[in-house]
Structures are given as structure tokens and as C-alpha cells.
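A.B. asks: Structure incoming, see below.
Just so you know, all these numbers are worked out from the coordinates, no wet-lab data involved. As the structure is a prediction and not an experimental result, all values here were calculated from the model. So basically every Cβ, Gly included, is an ideal-geometry build from the backbone, and we count neighbours across all protein chains shown.
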Amino acid sequence: MWKFLRTVLLVDLIQGLWVTFRYQQPKYIYTEQYPAQRPQVAERYRGAPRLNIHPESGQTLCIACDLCALICPENLIVVTSERNEQTRRKELTTFTYDTSRCMFCGLCEDACPVDALELTQDFELASYTREGAIWDRQMLEEGPLPKQYVR
Amino acid sequence: MNAVLDFPYLKPVLITLVIILVFPLVVGYIVLAERKVLADYQVRLGPMRVGPYGFLQPLADAVKLLIKEDIIPTASDRWIFWLAPVLSTVTGLTAFAVLPLSEWIYIADVNIGLLFILALSSVGILGLILGGWASNSHYSLLGALRSAAQMVSYEVAMGFALVSGLMVAGTLSMQGMVAAQQRLQIWFAFSNYGLMMIPFAVYAISAVAETNRAPFDLPEAESELVAGFHTEYSGFRWSLYMLAEYANMFVVSSIAVTLFLGGWLRPFPSVAWLAWLNFVVPAALFFLIGAGCAVGVKRYSDHRVFGGIMIVLTGAMFAAGASFLLPPVNARIIGLFWFLLKVAVILYCYIWYRGTFPRFRYDQLMRIGWRYMIPIAMGALIVNGFVMLWGQGGERVQ
């Protein structure tokens, strides 16, 4: 009898309608308007790599120790250096980082003894060519500069 | 000049022109409202990029549809392919001729008004069937066959539900129905000690099926039939089908409003001290929408065009609300307001059903139609008839 009444009075259908009605509240809206509003990624997110430079002198922090290239499971970091005869120190010449093969494990930033290499929270790594995914020293120092489509 | 003003068909011709010119735009905004409301149900935003909050999306859609390449499949029957959407649209829009939009805003008040609309909606089905057949495509043909079977089935239930209403109203004239509700001082949905709720419910359900809307949108079930009867249509012809669908929705909702929900009468039309509803409800509604637009003005304050549009909208909403507070203006347009408000509520329900219920299987659809809807409608007709006899005729119905 109870079941019959439920069917006749369309109780289940009305419950369903109530569920959808409640979801209209704007606070539930989940959509991000991506290029206009950038999403907040988590603090521990590992994204685009960056070679840090000294904030005052503008010189690179990298000492070209090659530890990051050695620890990288994908062997995607290539560091070349040159010995400066005057200061008798190794100086960084080129640093390439192939982001297309990177799995963002973060071992390189752990291995770095001077906190020069860092995986940042930038996530816009797309590129039109495979070559574009291989970042050189300048690109690593500047970080990705995504185009702004919206004023 | 006087000769023009004395022309007896001046008002009908003017109203016809206004409806034909304005209704495509209205359909555009119903579609926008549908997309926005569905987006809300699905915790999305919906159109947001064309105009503030997607407000100009219908215009962009219209331009896109109008400049699209007009494709007629080579294997199709060209003349019928051309005729079918025209037939659907013409019948859909002709039905507006007898809708009582207000006490004085109507094109014609014929004594067979409801019959006229039902006849036109039956011819409208022909547009769908011809379109599906002329496309010479399996999907279209299947969609057309389904729509024919579905509409014929549900028209029976809808007819019986309407007969119950006609019994209480005692007239087929659309204006006459509203007049009867004014005279008997009750909306017919609550008439006969509440028993008229049954035919009203049957009508509400079969109206959804009649207009091919979800959950009864079997004729255009996209997961099975691509797009059903309009699979092969594109551009302007497709938009004609769309226009016809929304015109039918509007007409069917208008019948529900006219016959069951008091037409252009305010709620509780017989209670004199509730006359303030005529002023407070429209003013409050428009002021509320205006306040919402004002929030948009703030949001788009750094964008010159969008901000300007929002300012104009806000101004228009507050002006509309204020105009309802002037007694002479109010007296002229309050009927239209109540009618359109009720139709809008029913159209919202259409979207609500679409956002909630999954589509029926075809055998379920037929079973609901033939085994539940039609017997319930016939039973309700008999019961309501006996109740009216017992209450000694339609004139003294509680």
C-alpha cells in the first residue's frame, strides 16, 4: 500500500527534482574560467623547472656540479661547464632540460646542493613543437611566460 | 489617419507583427535560459563569454546559424525537405493566433480556440514526419516514426485531460475559459474539490511528451539516433525546427495556463483585498532582477561595452518595475505579466525535468502512454463528470 502510494504520488520523481533544484545554488559552481582566472595549485605541486638566479647580483646560483644530471632517472638534464682560469672555479655555460620526458619526480631539486634547480608551481608547459619542450638555460631562468588572452 | 485607426483588423495585425518579429528573439533567450539553468543543475557556468554572463549568446548563435552553408542531401526529396520545417514553424506560430495573452492583447477570440490549437499541433507532427522521410536517412526516418507514434499516443491522453477542463469551463474559446475562471472564482486546476488536479497532472506530463522534450525526447534521442528527424538539417532549416519546437512548448504551456491556471488572472482573483499583489509582485520581481544586474555592473566595471550593457539592463529592469507601480499603466499590462509569469514557470519546469530525468526507453514510453496516462485521463474525466453532476452543473463548482 505504501509502495503504491509512493508510485502514484510520484514521490521518487519529486525527490529527484528536489536534488537537482538544490544544486542550482551558485556556491556549488565548480567551473574555473581558466585563462581569465588562474587556478590555485597545491603548495607541493611540482611543475615547470626553474634555474634560480641570485636576486641581487643576477648571477646564476648553479655551481655546475652535475648532480642533478646524475640523479635524473630519465637522463634529461645536460649540464656543460667551463673552468674559469682566473677564479679557478667551474662556471655554468649551458643547461638543457627536456620537459617532454620529465616525470616531475623532483629528485633533481632534492639533489641540488645550492637550491638552484627548483620545480615551481607553473603548469603551462605546452608547446607547438617537440623542440620547444626542450628548455635552455635562458628559458629555465625566465620560466614559462604564458600568453595573456584576456585583459 | 482615422481610416487606418478605424480599420477593425489594426490591433490583430499589429499584435501578429509584434509576435512574429519578437518571438524568434524570445526563443533565443529561452534557449539561453535553458543552457544557463541546465548548467546550474550540473554545477557549471554555461555560456559566459559572449556579452556579460553570456547575455548576447543568442545573437551570436543566430548569426552563426544564418550564415551557415545550406546543405540539402543529394538523395533527399528536395521539395519535401524544403517544405517540412516550414510546415512545422507555420503551424507552431499560427497557434499564437488564439492565445489570450491578456484581457485585451490577443489576435482572435474564436469560439473553437482550443480545438484550433489541437488541430494545428496535429498538423505540426506532419512537419516532423515529412522532414524525417525526405532526409532519406535511417536515423531521420526512425526519429520521424517514433515522433509520429509518440505524439499520436500522447495526444489521446492530452485530449481526455483537456476535455475534463472543457467540461468545467463550458467553452472552447480561450478568452471564455479565463472568463469562466473569473466568474467561478477559482483556477480550474483546483476545481471540483481538487479532483481537477488529476487531469492537470496528466496534461502536464503528456504535454512534455507532445513537444518531444526530455525525458520523452525519443524522436531526437542523440545517443541512439544522432539527432532524430533533423539529423540531415543544418543552418537556417534546423533553426526553423528549433523555433517550431519552442513555439510548441510556449503554446502548450499557454493552454495549461489558460485552462488550468487562470490565464491572465492574478492569484486568488476573487479576493479583493489581495489586489496589492498586482503591484507588489511585478515590482518586486523586476527590482530583484535589477538588483542582480547591478551586481553585474560592478563586476564588469572595467569593461566598457559589457559594463554599458549591464547598466542599460539594470536601468531597463528598474524602469519596468517602476512602470508596474503606476496604476494606469499597471491596469493595461498586468494581465500580460501574470500570463507570461505563469508560462515562464511552466517553461522552467520543462527545463527542470530535462535536467533531472533520464530518457525513457521506447517501450516504457509507450507503456506509460497507453497503460497509465490514457486510463487515468479517462477515469478522471468520468469522476469529474459525476462530481459536476452532483454539484448540479458547472456553474456551482466549488
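A.B. asks: Rounded to the nearest whole Å³, what is the per residue volume of the convex hull around the Cα atoms of segment A:5-151? Don't skip to the end; give the middle numbers.
C.D. replies: Working: hull volume 30.1 nm³, N = 147.
Roughly 204 Å³ of hull volume per residue.
A.B. asks: Order of B:197, B:177, B:167 from fewest to most other C-beta atoms within 10 Å? Don't jump to the answer; show the numbers that get you there.
C.D. replies: Details: B:197 15, B:177 26, B:167 19.
Ranking B:197, B:177, B:167 by Cβ neighbours within 10 Å, fewest first, gives B:197, B:167, B:177.
A.B. asks: Here's another thing I want to ask about it. At 10 °C and 1.306 mPa s, grab the translational diffusion coefficient of segment B:285-335 from Stokes-Einstein with a Kirkwood Rh over Cα pairs, rounded to a whole number in µm² per second. Intermediate values should be presented prior to the final figure.
C.D. replies: Numbers: Rh = 11.5 Å.
For the chosen part, D equals 138 µm²/s.
A.B. asks: Show which lysines lie in cross-link reach of residue A:27 when reach means a straight Cα distance below 17 angstrom and same-chain residues fewer than eight apart are skipped.
C.D. replies: B:36
A.B. asks: To continue, here is another question. Mind jotting down the distance between the C-alpha centroids of segment B:160-219 and segment A:77-151, whole Å?
C.D. replies: Value for the Cα centre distance between the two parts: 72 Å.
A.B. asks: Please identify the longest segment of chain B free of exposed chymotrypsin sites (Phe, Trp or Tyr not before Pro), where exposed means a DSSP state other than H, G, I, E or B and no more than 14 other Cβ atoms within 10 Å.
C.D. replies: B:105-275
A.B. asks: On to the next question. Please give the net charge around residue B:123, taking every other residue with its beta carbon less than 14 angstrom from that of residue B:123, where Lys and Arg add +1 and Asp and Glu add -1.
C.D. replies: Details: positive: none; negative: B:155, B:210.
Here the count lands on -2.
A.B. asks: Need one number: convex hull volume per residue for segment B:176-270, Cα atoms only, in Å³. Don't skip to the answer; put the middle values down first.
C.D. replies: On the way: hull volume 9.9 nm³, N = 95.
Considering the Cα atoms of segment B:176-270, their hull volume per residue is 105 Å³.
A.B. asks: Another one. Quick check on the exposure proxy: order B:234, B:137 from fewest to most C-beta atoms within 10 angstrom.
C.D. replies: On the way: B:234 15, B:137 19.
Placing the least packed residue first, the sequence is B:234, B:137.
A.B. asks: How much net charge surrounds residue B:187 when only other residues with a Cβ under 13 Å from its Cβ are counted (Lys, Arg +1; Asp, Glu -1)?
C.D. replies: Details: positive: B:183, B:266, B:342; negative: none.
Once all neighbours under 13 Å are counted, the net charge is +3.
A.B. asks: Then there is this: Would you calculate a helix-derived [θ] at 222 nm for the protein assembly as shown, using -39,500 (n - 2.57) for each DSSP H run of n ≥ 4 and dividing by the full residue count, to the nearest 500?
C.D. replies: Numbers: 20 runs with 304 residues, N = 549.
Here the helix-only value at 222 nm equals -18000 deg cm²/dmol.
A.B. asks: Net charge near residue A:77: determine it from the other residues with C-beta under 9 Å of the C-beta of residue A:77, scoring Lys and Arg +1 and Asp and Glu -1.
C.D. replies: Values: positive: none; negative: A:66, A:74, A:98.
Around residue A:77, the charge tally is -3.
A.B. asks: Quickly work out the residue B:224-to-residue A:36 label distance, labels modelled 7 Å from Cα along the C-beta direction, and quote it in nm with one decimal.
C.D. replies: 4.0 nm
A.B. asks: Starting from the Cα of residue A:78, step 7 Å along the direction of its Cβ; do the same at residue A:53; then give the gap between the two resulting points in nm.
C.D. replies: Output for this residue pair reads 2.3 nm.
A.B. asks: Could you please rank B:147, A:81, placing first whichever residue has the fewest other Cβ atoms within 10 Å of its Cβ? Present the calculation step by step, with values, prior to reporting the outcome.
C.D. replies: On the way: B:147 23, A:81 17.
So the residues, fewest neighbours to most, are A:81, B:147.
A.B. asks: Please give me, ordered by residue number, the GluC sites (Glu not before Pro) of segment A:7-103 that lie in loop per DSSP and have at most 14 other Cβ atoms within 10 Å.
C.D. replies: Values: sites: A:32, A:43, A:56, A:74, A:82, A:85, A:91; in loops: A:32, A:43, A:56, A:74, A:85.
Answer by residue number: A:32, A:43, A:56, A:74, A:85.
A.B. asks: Here's another thing I want to ask about it. Determine which aspartates and glutamates satisfy two conditions relative to residue B:342: a Cα distance under 17 Å, and not lying fewer than 8 residues away in the same chain.
C.D. replies: In chain and number order, the partners are B:34, B:103.
A.B. asks: Kirkwood Rh over alpha-carbon pairs of chain B, then Stokes-Einstein at 4 °C and 1.567 mPa s: what D in µm² s⁻¹, rounded to an integer? Can you show the working numbers first?
C.D. replies: Working: Rh = 22.7 Å.
Result for D is 57 µm²/s.
A.B. asks: Give the cross-link partners of residue B:11 among the lysines, using a straight C-alpha distance below 16 Å as the criterion and excluding same-chain residues fewer than 8 apart.
C.D. replies: The qualifying lysines are none; the list is empty.
A.B. asks: How far apart, in nm, are two points set 7 Å out from the Cα along the Cα-to-Cβ line at residue B:59 and at residue B:138?
C.D. replies: Label at residue B:59, label at residue B:138, 4.4 nm between them.
A.B. asks: I need to check one value: relative contact order of segment B:73-148, counting alpha carbon pairs closer than 8 Å and at least 6 residues apart, in percent. Numbers along the way, then the final one.
C.D. replies: Values: 89 pairs, mean separation 29.4, N = 76.
Dividing the mean separation by the residue count of segment B:73-148 yields 39 percent.
A.B. asks: Then there's this: Can you give me the relative contact order of segment B:233-343 as a percent, contacts being Cα pairs under 8 Å and 6 or more apart?
C.D. replies: Details: 81 pairs, mean separation 38.4, N = 111.
So the answer I get is 35 percent.
A.B. asks: Scan chain B and report its longest stretch carrying no trypsin sites (Lys or Arg not before Pro) that are both in a DSSP loop and have at most 16 other Cβ atoms within 10 Å.
C.D. replies: B:69-360
A.B. asks: Next question, about the same structure. For segment B:327-398, state what percent of all Cα-Cα pairs lands in each successive 10 Å bin, counting from 0 Å until the bin that includes the largest distance.
C.D. replies: Final binned percentages: 15, 19, 28, 28, 9, 1.
A.B. asks: Give me, ordered by chain and number, the residues 5 or more places off residue B:187 or on other chains with an amide H under 5 Å from its own placed amide H.
C.D. replies: Distant-sequence amide H within range of residue B:187: zero hits.
A.B. asks: Percent relative contact order of chain B, based on C-alpha pairs within less than 8 angstrom and at least six residues apart? If you can, show how the numbers build up before the last one.
C.D. replies: Working: 574 pairs, mean separation 87.4, N = 398.
Contact order relative to length: 22 percent.
A.B. asks: Between residue B:333 and residue B:122, how high is the FRET efficiency from 1/(1 + (r/R0)^6) when r is the Cβ-Cβ distance and R₀ = 41 Å? Nearest 0.05.
C.D. replies: Details: r = 33 Å, r/R0 = 0.82.
The computed FRET efficiency comes out at 0.75.
A.B. asks: Rounded if a/c is under 1.5, else prolate if a/b is larger than b/c, else oblate: which is segment B:260-398, with a ≥ b ≥ c the root eigenvalues of its Cα gyration tensor?
C.D. replies: Oblate, because a/c is 1.5 or more while a/b does not exceed b/c.
A.B. asks: Okay, next question. Between exposed chymotrypsin sites (Phe, Trp or Tyr not before Pro) in chain A, where DSSP calls loop and at most 10 other Cβ atoms lie within 10 Å, what's the longest gap?
C.D. replies: Values: sites that count: A:30, A:128, A:149.
My reading of the result: A:31-127 is the longest stretch.
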